[in-house]
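Report on one structure; see the data block that follows.
Read the figures in this text as sums done on the coordinates, not as results from a lab. Remember, predicted model here, so these are calculated numbers, not experimental data. Virtual Cβ from ideal backbone geometry, glycine too; neighbours counted across all protein chains shown.
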Amino acid sequence: MKILVSAGPTREKIDPVRFLSNASSGKMGYAIAAEAARRNHEVVLISGPVALPTPEKVRRIDVGSAAEMFAAVAAEFPSCDCLIMAAAVADYRVAMPSAEKLKKLPGELVLKLERTTDILFEMGKRKKAGQTLVGFAAESADLLHYAQEKLARKNLDWIAANLLSDGFGTDDNRIVLISRDGSQVKLGPAPKAEIARQMLDAIL
Ligand code: CTP
């Protein structure tokens, strides 16, 4: 099968040297890509900026912004059997990034933000029979309620829900994997490589 995985944060430019981003390490997505390649699937990894080596036998496409990630995912999605969106895609970008480096001025600076495209939602609309779509939901409260809402709204087959209280950038993870038909599988707490194995066992 051809498995498409996204991982890491995106960077939304404020000016040529500054950006908005988040604390995603990319470790979960990279572990999934590595495990899928180990199982001899064709793996394409669309990665935001992270400090991780490319897993063996994985084709990696580096992107910066949510818009770049959207373009890369949209190009690969039609030919893939399964898309796993583990990336922490920015929900907002700076409405008018400055072409010049901003100079500080007295008083406040107000940045106007606008919504980015929800990549999973768009792929959910484009999904064909036989394609499997997997999302992640990191929540700080009402984990299962919000995760199930995202699963339905984005037309997903699976959603991997985790509590943000477990922290970002850690090597271990704990996930509830929820399927479209409502079944729930608890994974971990375990190293992300083990979570990746259990996730692919369930999904593929
Ligand atoms: N996602 C995406 N495109 C975006 C934002 C998120 O594809 N622009 C994907 C992520 O890769 C992840 C899932 O959607 O798989 C997360 O859902 P999202 O609704 O973005 O969750 P939150 O960012 O937590 O947003 P909310 O405020 O709705 O909880």
> Using the alpha-carbon centroid of each, what span in Å lies between segment 20-78 and segment 126-204?
Replying inline: 17 Å
> Tell me, what is the FRET efficiency for Ser98 and Asp171 to the nearest 0.05, using R0 = 45 angstrom and their Cβ-Cβ distance as r?
Replying inline: 0.75
> Given the convex hull over the Cα atoms of segment 154-204, what projected area results after averaging over all orientations, in nm²?
Replying inline: 3.8 nm²
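What is the local net charge at Glu35, summed over the other residues whose Cβ is closer than 13 Å to its Cβ (Lys, Arg +1; Asp, Glu -1)?
The answer is +3.
Which value, in debye to the nearest 20, describes the size of the charge dipole of segment 1-96 about its Cα centre when Lys and Arg Cβ atoms bear +1, Asp and Glu Cβ atoms bear -1, and nothing else is charged? If you can, show how the numbers build up before the last one.
Working: 11 positive and 10 negative charges, 38 e Å.
About 180 debye.
Is there a quick way to get the dipole size of the chain? I mean about its Cα centre, with the Cβ of Lys and Arg at +1 and of Asp and Glu at -1; what is the value in debye to the nearest 20?
Numbers: 28 positive and 25 negative charges, 76 e Å.
In total the dipole reaches around 360 debye.
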> Say R0 is 22 Å: what FRET efficiency, to the nearest 0.05, do Glu56 and Met1 get from their beta-carbon distance?
Replying inline: 0.80
> How about Lys104: which lysines have a C-alpha closer than 22 Å to its C-alpha, ignoring those fewer than 8 places off in the same chain?
Replying inline: Lys13, Lys112
> List the lysines whose alpha-carbon lies under 18 Å from that of Lys27, not counting same-chain residues fewer than 8 positions away?
Replying inline: Lys57, Lys192
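Sorted by mean Cβ packing within 10 Å, highest first, what order do the peptides 159-165, 114-120 take? Provide the component values of the computation, followed by the final result.
Values: 159-165: 19.0, 114-120: 17.3.
Going from most to least packed, we get 159-165, 114-120.
Can you tell me the FRET efficiency between Lys125 and Gln184 if r is taken as the Cβ-Cβ distance and R0 is 22 Å, rounded to the nearest 0.05?
Details: r = 26 Å, r/R0 = 1.17.
Result of the calculation: an efficiency of 0.30.
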>> Less than 10 Å Cβ to Cβ from Phe70, Lys/Arg counted +1 and Asp/Glu -1: what total charge do the surrounding residues give?
In response: -3
>> Only four residue types carry charge here, +1 at the Cβ of Lys and Arg and -1 at the Cβ of Asp and Glu. Report the dipole size of segment 111-194 about the Cα centre in Debye, rounded to the nearest 20.
In response: 480 debye
>> Just to confirm the number: angle between the C-alpha axis of helix 27-38 and the first principal axis of the chain, 0 to 90 degrees, nearest 10?
In response: 40 degrees
>> With unit charges on the beta carbons (Lys and Arg positive, Asp and Glu negative) and the dipole taken about the Cα centre of segment 59-204, which residue among Ala71, Gly188, Ser140 sits farthest to the positive side?
In response: Ala71
> So what's the back-of-envelope 222 nm ellipticity for the chain, counting only DSSP H runs of four-plus at -39500 (n - 2.57) apiece and dividing by all residues, rounded to 500?
Replying inline: -8000 deg cm²/dmol
